[in-house]
Amino acid sequence: QVQLVESGGGSVQSGGSLRLSCAASGIIDRWYVMGWFRQAPGKERLGVGSTDSDGSTTYADSVKGRFTISQDNAKNTLYLQMNSLKPEDTAMYSCAFRRRWIRGGSLEPTMYDYWGQGTQVTVSS
């Protein structure tokens, strides 16, 4: 069992930055995959970025060059640094955990076993 708690969401103007955190607890395996996903009202949940336990990452085309995923293993925390934010980035952001390893992670929500409650990000024009 893995528990995930996101934090760091808020409101920011277009062009601004936010740093989201996802604190993981429970049984953390040597090999795993974690990802960030977002869902806007009335829309499907989409993958933002992911990482495997080796640190290899995968990003959606819409956020490449703007968002960066990192890990702090000592704190069992996953981060999403979001720069140059746009109004279309507005969504509920959730982190997810997958026990079985996939190189670079996965942007497919169905690949994940555990989910956090989400944190809201709002970007104004």
Of all residues making up region 53-90, the number that are under 19 Å from Lys43 (Cα atoms), of a type in the set (S, T, N, Q) and open to solvent by 60 Å² or more (accessible area, probe 1.4 Å): 1
- request: Could you tell me which numbered condition Gln81 fails, if it satisfies all but one of (1) over 17 Å from Lys64 (Cβ atoms); (2) under 14 Å from the mean Cα position of the chain (by Cα)?
  value: (1)
task: May I ask you to verify whether Ser11 is under 12 Å from the mean Cα position of the chain (by Cα), of a type outside the set (Phe, Trp, Tyr), assigned to a strand (DSSP E or B) and at pLDDT 95 or above?
output: no
query: Got a number for residues in region 62-86 being without any contact (Cβ under 8 Å) to a residue 40 or more places away in the chain and in a loop (DSSP other than H, G, I, E, B)?
result: 5
- line: Sole miss for Gly47 among (1) buried (at least 17 other Cβ atoms within 10 Å of the Cβ); (2) assigned to a strand (DSSP E or B); (3) out of contact with any Gly (no Cβ under 7 Å at 6 or more places or on another chain) is condition (3)
- line: Across region 2-44, the tally of residues that are among the charged types (D, E, K, R) and surrounded by 15 or more Cβ atoms within 10 Å (Cβ to Cβ) stands at 2
query: Out of region 93-114, which residues are assigned to a strand (DSSP E or B) and surrounded by 18 or more Cβ atoms within 10 Å (Cβ to Cβ)?
result: Tyr93, Ser94, Cys95, Ala96, Phe97, Arg98
statement: Here the qualifying pairs (Cβ atoms under 8 Å; residues six or more apart or on different chains; first in region 87-109 and closer than 20 Å to Val2 by Cα; second in a helix (DSSP H, G or I) and open to solvent by less than 50 Å² (accessible area, probe 1.4 Å)) come out as Ala96/Pro109
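The values are calculated or read from the model by the stated rules, or taken from the named source; none is laboratory data. Remember, it's a predicted structure, so these values are computed and weren't measured experimentally. Cβ coordinates were reconstructed from backbone atoms using ideal geometry, including for glycine residues, and neighbour counts include every protein chain displayed. Please note that ligands, DNA and RNA were not included when accessible areas were found on the heavy atoms of the full protein model with its side chains. Shrake-Rupley method; radii C 1.70, N 1.55, O 1.52, S 1.80 Å.
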